[in-house]
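The values are calculated or read from the model by the stated rules, or taken from the named source; none is laboratory data. Note that the structure is predicted; figures quoted are calculated from it, not measured. Cβ placement follows ideal geometry from the backbone for every residue including glycine, while neighbour counts extend to all protein chains displayed.
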Amino acid sequence: MRALSPGVNDPFTAIVVIDRLRGCLTRLAGRRLPMPVLCDASGRVRLVRETTSFGGVMDAALHQIRQAGAGHPAVVIHMLEALARIAEHARRPEQREAIARHVRMVAAAGLREAAEPGDRGDIERSVARAERALRAEERPATPRRGRTAPLPAALGVAEGAPGG
């Protein structure tokens, strides 16, 4: 946030941070987040815990940058491009919904602040790219190297149970 403050006004640092966050969020999109309810092998609830969602992580990562960067077209465009790239890796509807929500917020903030028609056009093109990525056919989740895929419910393994 300091990089986008009026005294510093360094959008390039914000762009580097957005790239780092994009990488983290892209990796997170391919992983299963912890379940709030853990069950034993018989399916009985053993633990209820507070967890976060993909959308919650995105909110924490992007809200302040969007708010501080709205007046910097380069930052807005880079955020939209990062969201498009994250969308290419989204596997679940709730991930796509969170990404779409952020695309709408970033676009609205950027278009509200952009005075130059060329900047507005660049923002609109970036929004269109993000929307295309979000509409792309949903891809099935693939296990990462060294990890196993979740067992199907048909095998009788309760979600969150060991091995499930």
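Listed values, structure above:
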{"quantity": "Counted residues, the range 42-63 - those being over 15 Å from V16 (Cα atoms) and part of a helix (DSSP H, G or I)", "calculated": "8"}
{"quantity": "Flag for L33 being surrounded by 17 or more Cβ atoms within 10 Å (Cβ to Cβ) and under 26 Å from A133 (Cβ atoms)", "calculated": "no"}
{"quantity": "Exclusive hit being at pLDDT 95 or above and not β-branched (V, I, T), set A87, A29", "calculated": "A87"}
{"quantity": "Yes/no for E131 being modelled with pLDDT of 95 or more, in contact with a Lys or Arg (Cβ under 8 Å, 6 or more places away or on another chain) and among the acidic types (D, E)", "calculated": "no"}
{"quantity": "Some residue of the range 41-52 being more than 16 Å from A130 (Cα to Cα) and either surrounded by 21 or more Cβ atoms within 10 Å (Cβ to Cβ) or touching a Ser or Thr at 6+ places or on another chain (Cβ under 6 Å) (or both)", "calculated": "no"}
{"quantity": "Any hit, the range 68-81, residues being without any contact (Cβ under 8 Å) to a residue 60 or more places away in the chain, touching a Phe, Trp or Tyr at 6+ places or on another chain (Cβ under 7 Å) and either more than 26 Å from R120 (Cα to Cα) or among the acidic types (D, E) (or both)", "calculated": "no"}
{"quantity": "Criterion (at pLDDT 95 or above and either loosely packed, with under 13 Cβ neighbours inside 10 Å or not basic (K, R) (or both)) met by exactly one of I65, I77", "calculated": "I77"}
{"quantity": "Any pair with Cβ under 8 angstrom, 6 or more apart, that starts in the range 112-138 at a residue that is in contact (Cβ under 8 Å) with a residue 24 or more places away in the chain and ends at one that is of a type in the set (K, R)", "calculated": "A114/R120; A133/R85; L134/R96; E138/R91; E138/R96"}
